[in-house]
């Protein structure tokens with residue numbers, strides 16, 4: 001595995017085209033200055049030690065030295081050792097409803113924003129478990145495969161939005177089917193799906209999908225977010241209306257979510273403005289018999305920066321050793337292959 005330990009230094013490579021531009025301007029200005037004194041070919045005979053080729057060569061060595069030193073500062077590393085790590089935990093897939101109904105504001109600032117905040121808090125509490133993320137509306141999509149990289153998981157969770165799914169609706173069954181296929185083979189017996197939705201399923205048979213997941217030993221926990229009386233859906237300052245011009249009100253459908261959870265031996269929790277319910281679910285999940293999960297990681301990395309910086313410094317020494325003007329002594333050695 002290859003990586004840069006300090007990739008921020010690579011931004012210094014922006015200096016390279018700047019230096020090229022400065023060099024080009026200096027060459028052009030020097031040429032114009034010489035043209036003011038007379039014909040260039042005549043001036044060359046009057047200045048036998050002047051060597052544009054040497055100036056160009058010095059700049060090339062300097063530019064190459066800059067590239068090597070900057071890449072060296074970014075600390076390129078290669079993974080050198082693979083190690084199998086075993087820890088006790090579970091694998092959980094979060095299936096988050098991102099349909100337009102999740103923009104209803106019976107939860108402030110909206111159902112979806114409160115959900116994202118709760119997921120972020122949940123991931124903060126994880127230590128040895130693996131987590132994945134699925135978003136769904138009229139269809140379900142894998143947002144983040146099962147991982148133990150909590151930093152990445154939080155980043156993906158914070159960026160979920162209704163624009164991720166082009167087809168509107170609430171296909172909870174599709175989300176369950178996709179989640180059930182996403183667990184690793186080593187996690188059998190310690191698999192959990194957490195569904196966060198307002199429960200208005202219009203697309204498929206979510207109960208049948210849940211029963212199929214239960215046959216694989218997967219437990220499903222559901223969180224109902226919203227209120228029974230519901231709230232209008234507002235997008236870009238405009239309220240959604242039906243074909244009759246009436247305002248669409250999204251209501252919490254608890255029976256569907258309850259049936260999904262009970263059919264797998266899981267549990268249903270209704271979110272409140274004080275608590276979404278993820279903390280309660282985590283407590284229930286901790287009661288599940290956890291299993292040893294094995295993963296392969298890079299244990300150590302070999303640093304490669306010293307070679308690149310060494311080459312860069314060598315190029316700088318060569319650049320310093322090359323004189324801008326021809327040397328009468330060195331000219332006898334014909335270093336630049338000049339015809340005599």
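Among beta bridges identified by DSSP and lying wholly in region 84-295, the antiparallel ones come to about 40 percent.
The length gained by stretching the chain between residue 30 and residue 234 to full extension, at 0.36 nm per residue less their Cα-Cα distance, is 67.0 nm.
Find how many whole Å separate the alpha carbon centroid of region 141-157 from the alpha carbon centroid of region 165-218. When both Cα centres are located, 17 Å separates them. The simple Förster model, with R0 at 35 Å and r as the Cβ-Cβ distance, assigns residue 155 and residue 243 a FRET efficiency of 0.35. Cβ crowding within 10 Å, taken as a proxy for footprinting-reagent exposure, orders 161, 148 from fewest neighbours to most as 161, 148. Per the Debye calculation on region 84-295 with a single equal scatterer at every Cα and no solvent contribution, log₁₀ I(q)/I(0) for q = 0.09, 0.17 Å⁻¹ amounts to -0.32, -1.13. Each peptide in 52-64, 240-252 gets a packing score, the mean of other Cβ atoms within 10 Å over its residues, and the list from highest to lowest is 52-64, 240-252. A simple spin-label model places pseudo-atoms 7 Å from Cα toward Cβ; at residue 184 and residue 117 they are separated by 3.3 nm.
Taking 7 Å steps out from each Cα toward its Cβ at residue 317 and residue 272 produces label points 7.3 nm apart. FRET efficiency for the residue 19 to residue 302 pair, using the beta carbon distance and R₀ = 30 Å, is estimated at 0.45.
Laboratory data are not the source of any read-out in this text; all were calculated from the coordinates shown. In this text the structure is predicted, and so the values were computed from the model without any measurement. Every residue, glycine among them, receives a Cβ derived from its backbone with ideal geometry; neighbour counts consider all protein chains shown.
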